[in-house]
1. Please rank 74, 162, fewest neighbouring Cβ atoms within 10 Å first, as an exposure proxy.
2. Taking a ≥ b ≥ c as the square roots of the eigenvalues of the Cα gyration tensor of segment 97-168, is the shape rounded (a/c under 1.5), prolate (a/b larger than b/c) or oblate?
3. Would you please classify the overall shape of segment 29-81 from the alpha carbon gyration tensor, given that a ≥ b ≥ c denote the square roots of the eigenvalues, rounded means a/c under 1.5, and beyond that prolate means a/b larger than b/c while oblate covers the rest?
4. How big, in percent, is the set of alpha carbon pairs in segment 1-153 lying more than 20 Å apart?
5. Pop a pseudo-label 7 angstrom from the Cα along the beta-carbon direction at both residue 36 and residue 66 and give the gap in nm to one decimal.
6. For residue 18, what is the net charge nearby, where nearby means another residue's Cβ is under 9 Å from its Cβ and Lys, Arg count +1, Asp, Glu -1?
7. If you place +1 on the Cβ of every Lys and Arg and -1 on the Cβ of every Asp and Glu, how big does the dipole about the Cα centre of segment 75-168 come out, in debye to the nearest 20?
8. Putting +1 on Lys and Arg Cβ atoms and -1 on Asp and Glu Cβ atoms, find which of 36, 107, 72 reaches farthest to the positive end of the dipole of the chain.
Amino acid sequence: MTGSAPAAAPVRVLFVCLGNICRSPLAEVIMRDLVSRAGLAGHIEVASAGTSDYHAGEPAHRGSIAAAERHGLSLAAHAARGVTEADLDAWDWLVAMDTDNRNGLQHLDRHQRRHDRIVLLLDYAHGDGPRDVPDPYYSGGFEAVYALITRGCEGLLEAVRSTPPSQR
């Protein structure tokens, strides 16, 4: 009998910020681009959500759209959504943009089944720097946020690639 081993399920990465209109959508398109350029499309699935549903169904913030477009990426198809308890089981990596949102995810995981899957993006950024991606909703600074998220996504991609399936 001939055949091949079944294809491994893709690694699933969910980026999370507060409203899912500024930081996490940027992280989603940046990571998707890095995954594609690494030839890993189909092996790593990427999405985003917010710890609140304030902006559910809304497009990305115009500042995030502009930052993405300056780098050849598009947020045109983005519609904000809130993270759910089901996401805790559905995603291998739940990647928070800041400590407050990581704490919100941990609170959602009230039975502490998935705390090991909830991480901060900038913990994967190489070099010194902040641990939290600042929220540009009120203050701006979308280009600086884009750069921080890119650094974090580059390191996260390395971590995802090197994590054995048994530890996901």
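1. Numbers: 74 11, 162 8.
So the residues, fewest neighbours to most, are 162, 74.
2. It is oblate, given that a/c is not under 1.5 and a/b is not larger than b/c.
3. Working: a/c = 3.04, a/b = 1.42, b/c = 2.14.
Here segment 29-81 falls in the oblate category.
4. Cα-Cα pairs of segment 1-153 separated by over 20 Å account for 47 percent.
5. In this crude label model, residue 36 to residue 66 measures out at 2.3 nm.
6. -2
7. Values: 10 positive and 15 negative charges, 54 e Å.
It works out to roughly 260 debye.
8. The Cα lying farthest towards the positive end belongs to 36.
No value in this document is a laboratory result; all are computed from the given coordinates. On a predicted model such as this, the values are computed, not experimentally measured, just so you know. Glycine also receives a Cβ, built like all others from the backbone with ideal geometry; neighbour counts cover every protein chain displayed.
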